Amino acid sequence: MNTLSKSMRELVRYPSAVIGLVTILFLLAVSAYALITIPYDEATRLWRGGEDVWYQNPKYAAPAWSNYFSDVKQPVSFAVSTKDGSMNKTVEVGAQDTATITVTHSFDYVYDEPPQELILYLDGTFQEKLPFVSVAWITPSGERIRVGDFAVDREMTFRVSQDQKLMKRLKTEDILTALFVEPKSESTEIVKGTYQLEIVAVTFEPNSDIDAEFVLHGTLYGLAGTDHYRRDLMLPLLWGTPIALTFGLLAALGTSLLTMIIAAIGSWYGGWIDELIQRITEINLVLPFLAILIMVGTFYSRSIWVILGVTILLSIFTGAIKSYRAVFMQSKVSPYIEAARAYGTTDRRIIFTYLIPRMIPLLIPALVSSVPSYVFLEASLAVLGLGDPVLPTWGKIIENAFAEGALYRGLYYWVLEPAALLMLTGLGFAMLGFALDRIFNPRLRDI
Amino acid sequence: MATETITATSGQVKKESFANTTIGRVMRYAFVRLLTLAVTVVIGIYLTILIANMGGYVDTIMRNEIRDNTTQSILANPAYRALSSEAREKLIQDKIASEERRLGLDKPFINRSFTYLVNGLTLNLGRAINMNSDSGSRQVRLILLERLPATLLLAGISDLILFFGSVFLALGLSRKYGSFFDKLTVALSPTSAAPPWFYGIFLILIFAGVLHVLPFGGLVDSPPPTTSFGYAMNVLKHLILPASSIIISSFFLSVYNWRTFFLIYSSEDYVEMARAKGLPSRDIERRYILRPTLPTIITNFALLIIGMWTGFTITETVFQWPGLGRTLFQAIGLYDTPVIVGSTIIYAYLLGITVFLLDFVYALVDPRVKVGGDNAQQ
């Protein structure tokens, strides 16, 4: 413990270690947040969900904050509904089982472009007689535009831009622009201000009711934007963090611990065991690492656990085993081991309690420094289309972005967001590992 | 090993028969080393065959190949023209069955895997299932040979720049230890945590997406320029981004490692001594620092050259560079086992040969290392 606190004190002297530690803590906090707010089942359901889950979002929408960097303000999407109370709904009971339901929603529109689409989802509850609605659009200047009058069936969708009657009434094919410019004028400039959508429904049965949902598809969405399936990128960005950290840390830990144990056993027993380990290392050198991983991913399983296992298996017998062996060979003949042997300690006790703990200073920097390469390995496999089919990961985002030609089409946010997180993870661990290396290997300290 | 050591010592004692024993010792050492490496390569390739053979894909390939060959040879043979289509079909089936028996396809997989191994080791790489070379051939050898130049161009240029650039820069930095650029390199070395394709994304974004000065990917424009000079220039233009991303991704770490390595060597007593004698720093670098570090430099260089063969699978895929790495990835996606095994075999062979040659190169450049002697055994 004393050495640990001493090491910690020494660690904070290195700025790179502090930056690395802060980055890693930040990533851990993000992971915890993702795991708590979005449970695993929910995350996979959302990630694999189609239009039915994500219909409220526009496709290929950049994050909302990109308006800060642009002179032309793009519309930001939103969705409101009577079911969660984000739309006002008042019911007025009339004579002969009729009722008048008024649903309104006011919103500020402060953008320079018209939205991509306005959609009304209406859901009527009735026995025989369909409720009847009149939809009106009220501009900031108080002008009232009649959008449509129709009977509401169960679960119907009304796409404002596609309505033929409205096109005739407004004398234009471009309804979405017409709704947001000065009415009855030639102007094409978007009028900024508070718009109101008003739905007045008349029901003709005792328990008849309607529910409404209003969706505005802008060209921007949320903090992270959306992809080609309308999915909110925030989900894979958040959930990619624990996955990347788990894969990176487990692979690094598994590889370095197993390498060390095997090197210790080999150098302690010597003879054919040592020889066998050396030969396996040479054979492993001949095997193409990435090609085997790709083959396992293509032929066997893309599950992240299988890939993790194979990665560890292939990374044990590498050059590291030789350098550990060299150090074990030295400590094998040191006096304290001789002493342990003299009072009849078992081989296992010597290996696990006398030999290996001595190597921990060497192990820790190597372990931390190797995390980024495994994090990037997981992302690389995902970029090649071999990511876990169920899990939302950073690499998956990049793969999708590439398949959809995001860079070519100027959808930079789609690639930059996961790339930034990957870089953050890589740099965090690399910087910490770098400092640890200098603390634990004093030979490097002066250089 | 013991006998070799004895021969080595007796060689030194009996001066008159020195040449004889040296040759004998080297030969014996070479033989043992070659044998171990050969066994390693064989086991490595056999493992690859086992892995690449998942789900009996290799069997399917073989069966399809036999079917294709037999059907074609019988249909093309004028002697069988006169036969009715049923008789011809029967003939084809018989021939396929006998051919499968001949190749052992009726035997269990374990027996057959050794046939594949022998074919692979004799560089009889066979035919691809789904992939074609650009000239339309199905020969794995031709497919690999066709993609080789693109990989050698990309990997060669970027690796050479990376290697020589970092060694020379590191040598310079080790002399100016503690200077601003030295500290900058140390600070930037964690950037090598990211692989080349990762930097490739940014380079594509900046130079192709935003600035429109360089192409997004590929080897040449379509249609390619007609003059050969124009063609070369065009390829070069396409080369800039992938090569830069490979160089950027490992440059700083490479410089840092070499610099540390050189620094350790330049603090040796004999270097201090040379400095004290007032030797010019160029001589100190060449004769006192570079010379003893030559074996390490050569090892790294040789491993770099082997690394070229596998290319940069993901970088090539991201840049749509038609090289071996991308071919390997495509082959795996198309379940084209012969191509996968073929490229692994060549990689394993190259690696084995290089490791073998390195032992002798060490002995040439480092007089302390003696082939077959005690040093070489460690």
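Any read-out appearing in this document is the output of simple, stated calculations on the displayed coordinates, not a laboratory observation. Note that the coordinates shown come from a computational prediction; the quantities given were computed from them, not determined experimentally. Using ideal geometry, Cβ is built from the backbone for each residue, glycine included, and neighbour counts are taken over all protein chains shown.
Our helix-only sum for the protein assembly as shown, with -39,500 (n - 2.57) per DSSP H run of n ≥ 4 divided by its residues, gives a mean residue ellipticity at 222 nm of -19500 deg cm²/dmol. Net charge in the neighbourhood of A:PRO63 (other residues with Cβ under 13 Å of its Cβ; Lys, Arg +1, Asp, Glu -1) is -3.
Rounded if a/c is under 1.5, else prolate if a/b is larger than b/c, else oblate: which is segment A:73-217, with a ≥ b ≥ c the root eigenvalues of its Cα gyration tensor? Taking the square roots of the gyration eigenvalues as a ≥ b ≥ c, segment A:73-217 is prolate.
The per residue volume of the convex hull around the alpha-carbon atoms of segment B:238-314 is 108 Å³. Averaged over residues, the count of other Cβ atoms within 10 Å places the peptides A:88-95, B:243-250 in the sequence B:243-250, A:88-95, highest first. Other residues within the sphere of radius under 12 Å centred on the Cβ of B:GLY44, judged by their own Cβ, net out at 0 (K and R +1, D and E -1).
Once both axes come from the Cα atoms, what is the angle between helix B:140-175 and the longest principal axis of chain B, in degrees from 0 to 90, rounded to 10? Once rounded, one gets 10 degrees. The string of couplings for segment A:109-118 from the Karplus curve (6.51, -1.76, 1.60, θ = phi - 60°) is 10, 10, 10, 8, 10, x, x, 6, 6, 10 Hz, one whole number per residue in order, with x for Gly and Pro. Beta bridges assigned by DSSP with both partners in the protein assembly as shown are antiparallel in approximately 95 percent of cases. Partners of B:LYS277 within straight-line reach, counting lysines whose Cα lies under 19 Å from its Cα and excluding those fewer than 8 residues away in the same chain: none found. Ordering A:110-121, B:31-42, A:254-265 by mean Cβ neighbour count within 10 Å, with the highest value first, yields A:254-265, A:110-121, B:31-42. With only the Cα atoms considered, chain A has a convex hull volume of 222 Å³ per residue. Taking a cut-off of 14 Å between Cα atoms, list the aspartates and glutamates near A:LYS59, but don't count ones fewer than 8 places away on the same chain. Cross-link targets: A:GLU51, A:GLU117, A:ASP227, A:ASP232, A:GLU404. In terms of Cα to Cα distance under 14 Å, which aspartates and glutamates are near enough to A:LYS129, apart from those fewer than 8 places away along the same chain? Output for A:LYS129: A:ASP97, A:ASP153, A:GLU205, A:ASP209.
Over the Cα atoms of segment A:146-275, the radius of gyration divided by the Kirkwood radius equals 1.42; this is the Rg/Rh ratio.
The mean count of C-beta atoms from other chains within 10 Å of the C-beta of residues in A:373-383, rounded to a whole number, is 3. Helices meeting the span-like rule in chain A (full DSSP H runs, Cα extent of at least 15 Å along the helix axis, mean Kyte-Doolittle score of 1.6 or higher): A:15-37, A:304-316, A:360-383.
For peptide B:197-204, what's the mean number of Cβ atoms from other chains within 10 Å of each residue's Cβ?
Whole-number average of other-chain Cβ neighbours for B:197-204 is 5.
Applying the Karplus relation 6.51 cos²θ - 1.76 cosθ + 1.60 with θ = phi - 60° to segment B:40-52 yields 3J(HN,Hα) values of 4, 4, 4, 5, x, 5, 4, 4, 4, 4, 4, 5, 6 Hz, where x marks Gly and Pro. Taking the centroid of alpha carbons for each part, segment A:31-60 and segment A:383-447 are 22 Å apart. Take each residue in A:292-300, count the other chain C-beta atoms within 10 Å of its C-beta, and the mean is 6. Taking a ≥ b ≥ c as the square roots of the eigenvalues of the Cα gyration tensor, chain B is classed as oblate, since a/c reaches at least 1.5 and a/b does not exceed b/c.
Estimated translational diffusion coefficient (Stokes-Einstein, Kirkwood radius over Cα pairs, 37 °C, 0.692 mPa s) of the protein assembly as shown: 102 µm² per second.
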